[in-house]
Amino acid sequence: ALITRGCLSTSKSFSSLSLPLPLSMAAETASLLPSQAFPSQPTKITSIKTLAESPGLTSIPAAYTFTPDLHDQVTCVPEGSIPVIDYSLLISGTPDQRSKTVHELGRACQDWGFFTVVNHGVPENLLSSILDGCKGFFDLPEEEKQEFKGNHVLDPIRSGTSFNVSVEKAFYWRDFLKVFVHPVFYSPTKPAGLSEISLEYSQRVREVARGLLKGISESLGLEGSYIDKALNLEQGKQIFIANLYPTCPQPELAMGMPPHSDHGLLTLLIQNGIGGLQIQHKGKWVNVGALPNSFLVNTGDHLEILSNGRYKSVMHRAMVNSKATRISIAMAHGPSLDSVVSPAPELLASSKGNEPAAYAGMKYKDYLELQQSNKLDGKSCLDRVRIPAV
């Protein structure tokens, strides 16, 4: 941990199992770095990796500098504080074991919005292989990665840097690859083997996510299949997001990803053993480490909406450091694009009278476009559908 502050339009060289989704948003542009700010480098910087590997780089350009927040507090919680969910007990435990695990899952969503999943059944060699495959993508020559650049938030394959440089005043120390992998599977055709590995990985992780969501449904007092059916998870949007956070000469001034919450329901994350993830808990930032062969899981905005605020989407951010490059792979799971997500009616009715809905319904596609086409800013998108208390 590291600091204490806060593809249709590009080329046909991708594989898919169906026609691409419609394009609906304005183009996202590549990051530009003025040549006078870093005279030894090309005018256009298309990746942080290129910048970080510049010979003699000792400071970061002004466009990548964030002002430290002196009121930001980072803490280390006691070992064992972050909830750990044993997935095997949720899926195949005794009735008592399963009931206890469902309760623990609900408490984790309510108190933290974050938990670690162990004994999930995804082979460790598959986790290693997908991390290696993504490293291979980021190691491709820049002109080859540009084949998969993408222009719109609903392009099935996009790669680039920062988050949305068309609206950001300061850029993030991050390169990314974003791919839609369900209900239609896409993958870059380079490097060799990535498509096959990402297909297997996506399917296995999707199975885990649906098992977790079944337990979360039950923890809310709903039927186990409630979320699956209400949000049409059979056609649910699954997005594969690989992130590269290269070494940085001034990590105290840079930001990998700013504080934000995720759209969707659950995000399952793995990383290459390099720390940098921080989550917000009780007003402080907590450094998060990963247990071997585990998933780090956070709840998203649409779980907060569906639960009418019982379960909160967690704020998190990515830090960078000066000694090691971090690779993370986040797998986001959301409703179908056409699902209108609103609080579950069953949670609004009680013997004490009807509970008011705290969020207005919005089609998931519209919410996803809203978040992906604006700068990341806390829970600003969730605030757009929040209904003020009377």
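The values are calculated or read from the model by the stated rules, or taken from the named source; none is laboratory data. On a predicted model such as this, the values are computed, not experimentally measured, just so you know. Note: ideal-geometry Cβ built from the backbone for every residue, glycine included; neighbour counts use all protein chains shown. Quick note on the areas: whole protein, heavy atoms, side chains included, nothing else; ligands and nucleic acids left out. Shrake-Rupley method; radii C 1.70, N 1.55, O 1.52, S 1.80 Å.
Within segment 123-134, residues that are part of a helix (DSSP H, G or I) sit with their Cβ atoms under 8 Å from residues that are among the aliphatic types (A, V, I, L, M) and open to solvent by 40 Å² or more (accessible area, probe 1.4 Å), at 6+ positions apart or across chains, in these pairs: 126/197; 129/197; 130/197; 133/197. Under the condition of being crowded, with 21+ Cβ neighbours inside 10 Å and within 19 Å of residue 147 (Cβ to Cβ), the residues counted in segment 182-229 number 5. Among the numbered conditions (1) farther than 24 Å from residue 368 by Cβ; (2) surrounded by 21 or more Cβ atoms within 10 Å (Cβ to Cβ); (3) in contact with a Ser or Thr (Cβ under 8 Å, 6 or more places away or on another chain), the only one that residue 291 does not meet is (2). Kindly provide the set of residues from segment 101-126 that are over 16 Å from residue 217 (Cβ atoms) and among the small types (Gly, Ala, Ser), ordered by number. Scanning segment 101-126 gives 113, 121. Consider segment 261-288 and keep the residues that are open to solvent by 20 Å² or more (accessible area, probe 1.4 Å) and farther than 16 Å from residue 327 by Cβ. The one that is modelled with the lowest pLDDT is 283. Selection over segment 352-390 of residues that are touching a Phe, Trp or Tyr at 6+ places or on another chain (Cβ under 8 Å), open to solvent by 50 Å² or more (accessible area, probe 1.4 Å) and either within 17 Å of residue 308 (Cα to Cα) or at pLDDT 85 or above (or both) gives a count of 2. Is there any pair with a first residue in segment 149-164 that is open to solvent by less than 10 Å² (accessible area, probe 1.4 Å) and a second that is at pLDDT 85 or above and among the β-branched types (Val, Ile, Thr) whose Cβ atoms are under 7 Å apart and which are 6 or more apart or on different chains, and what are they? Final answer for the pair search is 150/157; 156/179; 157/179. Restricting attention to segment 158-185, the residues being among the aromatic types (Phe, Trp, Tyr), modelled with pLDDT of 95 or more and touching a helix residue (DSSP H, G or I) at 6+ places or on another chain (Cβ under 9 Å) number 1. Within segment 295-326, the residues that satisfy the criterion of being part of a strand (DSSP E or B) and either of a type in the set (Lys, Arg) or open to solvent by less than 10 Å² (accessible area, probe 1.4 Å) (or both) are 295, 296, 297, 299, 317, 318, 326. Considering segment 183-206, and only residues there that are part of a helix (DSSP H, G or I) and among the polar types (S, T, N, Q), the residue that is farthest from the chain's Cα centre (by Cα) turns out to be 195. Answer yes or no: is there a residue in segment 342-350 that is at pLDDT 90 or above, assigned to a helix (DSSP H, G or I), charged (D, E, K, R) and farther than 19 Å from residue 257 by Cβ. Looking for residues that are at pLDDT 90 or above, assigned to a helix (DSSP H, G or I), charged (D, E, K, R) and farther than 19 Å from residue 257 by Cβ, one finds at least one in segment 342-350, hence yes.
Filtered by the rule that a residue be among the acidic types (Asp, Glu) and either under 17 Å from residue 269 (Cα atoms) or open to solvent by less than 20 Å² (accessible area, probe 1.4 Å) (or both), segment 99-148 gives 124, 132. Pairs are defined by a Cβ separation below 7 Å, a sequence spacing of at least 6 or placement on different chains, a first member in segment 314-341 that is more than 20 Å from residue 275 (Cα to Cα), and a second member that is among the polar types (S, T, N, Q) and assigned to a loop (DSSP other than H, G, I, E, B); the pairs so defined are 335/232; 336/232; 339/232. Taking the conditions exactly as written (under 26 Å from residue 148 (Cα atoms), at pLDDT below 80, surrounded by fewer than 16 Cβ atoms within 10 Å (Cβ to Cβ) and not basic (Lys, Arg)), does residue 34 satisfy them or not? Against the criterion (under 26 Å from residue 148 (Cα atoms), at pLDDT below 80, surrounded by fewer than 16 Cβ atoms within 10 Å (Cβ to Cβ) and not basic (Lys, Arg)), residue 34 qualifies.
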